[in-house]
1. Which cysteines does the chain leave without a neighbouring Cys Cβ under 4.7 Å?
2. Ordered by packing density, taken as the mean number of other Cβ atoms within 10 Å over each peptide's residues, highest first, how do 399-405, 127-133 rank?
3. Just check the chain against the gyration tensor rule for me: Cα atoms, a ≥ b ≥ c as the square roots of the eigenvalues, rounded for a/c under 1.5, and otherwise prolate or oblate depending on whether a/b exceeds b/c.
4. Using amide H atoms built 1.01 Å from N in the peptide plane, name the residues 5+ places from T408, or on other chains, whose amide H lies under 5 Å from its own.
5. Taking amide H atoms as placed 1.01 Å from N in the peptide plane, list the residues 5 or more away in sequence, or in a different chain, whose amide H sits under 5 Å from that of V106.
6. Please find the FRET efficiency linking N6 to S121, where r is the Cβ-Cβ separation and R0 is fixed at 30 Å, and quote it to the nearest 0.05.
7. Report, in deg cm²/dmol and to the nearest 500, the calculated mean residue ellipticity at 222 nm for the chain, where each DSSP H run with n ≥ 4 adds -39500 (n - 2.57) and the sum is divided by the residue count.
8. Given a cut-off of 21 Å, name the pairs among K53/K78; K58/K332; K10/K31 whose C-alpha atoms lie farther apart than that in the structure shown.
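Rule-based calculations on the coordinates, nothing more; no lab input. Note that this is a predicted model, so its numbers are computed, not measured. Here the Cβ is made from the backbone with ideal geometry for all residues, glycine too, and neighbour counts use every protein chain on show.
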Amino acid sequence: MTQLINEWTKSSWREFQALQQPNWPDEKEVKKVLHDLSNLPPLVFAGEIRALKQQLAKAVKGDAFLLQGGDCSENFSKVTAPTIRETLKVLLQMAVVLTYAGGKPVIKVGRIAGQFAKPRSADTEVVNGVELPSYRGDMVNQPEFTQEARIPDPNNMMKGYNMAACTLNLLRAFTRGGFGSLQRVQAWTHEFVAASPMGRSYERLAKQITQALNFMETIGISADSPQVIQTQLFTSHEALLLGYEEALTRMDSTTGGWYDCSAHMLWIGERTRQLDGAHVEFLRGVLNPIGVKIGPTYDLDNVKAMVEKLNPENEAGRITLITRLGLKNVEKVLPPLLREMKREGFNIVWSCDPMHANTYTAETGHKTRNFNDILSEITCFFETHWSEGTIPGGVHFEMTGENVTECTGGARNIIDQELANNYLTTCDPRLNAEQSLEVAFQIADMIRS
Ligand code: PEP
Ligand code: MN
């Protein structure tokens, strides 16, 4: 039975309930900022978005693999050349490891250049008896625990646009201008990783790639081709602030389709994926690849209806379901989901977010995740796909190129008491560069199978 569906426009979400929106103090100011944003150039282009979708269509069949990663919440103060470079480096290193051992193209998507807005489990936060509005990302307010910092300011959306633009500018320069060339694969090692077991494993692999490129040159095949000297990093963020997303939504002049040009890929979070909510309404009308987070308490009929609503033509590459089920639940709740989606014949990129349902608070009070739990959820994700005859198509990490101590475990075995040493995140804990590389080595062989 076909349902009657309202006509979509880039503003039709306004007729639906939008959860997790800031309490802006001045609506007039919001309108002005959104108007100004709607006149500014797009950050990414429809052609690039279509290219990503085509690559994701390959991941549906297992002919490519999605690597999505970056900060839980980017910070304006970290929009600096070194931070962007280090994050890019570790993503490129992970991609090289996965491509080389996994034997298939890796689609690189950063949680970067726009991941500035956060859904929160509570509207307020209490510290030492003082209650203040929660931090909702730099595009809304500031993380410092003061009354002033926590007031939402719509001008932060304009700042966010500008921060995204300069991040993208540097990423484009790095990936197109030679920094991301495979000929430099040995130069990407992070200082603090170099002497570690992960650094040594990476060094060996990088040497093999350099030798292969030298061999190509020797026999007269140019190793200067764009495939070798250029790379592509797509951008993504959670489409949370719908006013901002609407302002960046533009009609493509060549096809007449609507694209949200704030990033190549947008995702809907676990907290805002209501079937009759504003986020699903907005995203059903833009032609970008869409990710949807799926937590352990999902309702099967609801997920099916959502996939149909977001992708009525069952276009391959349009939908990535990002399962974040938790080590304790994955074995039980992933199989029925895979089975049913397979039975329906839905084209889906299945991606594993092993971070969000494995969070716990250490005795020191730090929100953290353990490396072994992360690895175990991924392993179970792969094994479940193999036994159900479905395709594990990607992974989704919160990670950084910095030498942080936010997740426990890994080769250096960070313990709870060490979390305070360099705990920098303003939201969720991230894998550091060494832990990120380690996870890439651990899962590379699973991709090939
Ligand atoms: C996130 O990706 O940072 C996030 C909030 O995830 P989820 O919606 O899955 O909880
Ligand atoms: Mn997060």
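1. For the chain, the answer is C166, C261, C352, C380, C407, because their Cβ atoms have no other cysteine Cβ under 4.7 Å.
2. Details: 399-405: 22.3, 127-133: 10.6.
The packing order, highest mean first, is 399-405, 127-133.
3. rounded
4. Long-range HN contacts for T408: R369, N370, F371.
5. Long-range HN contacts for V106: F65.
6. 0.45
7. -12500 deg cm²/dmol
8. K53/K78; K58/K332
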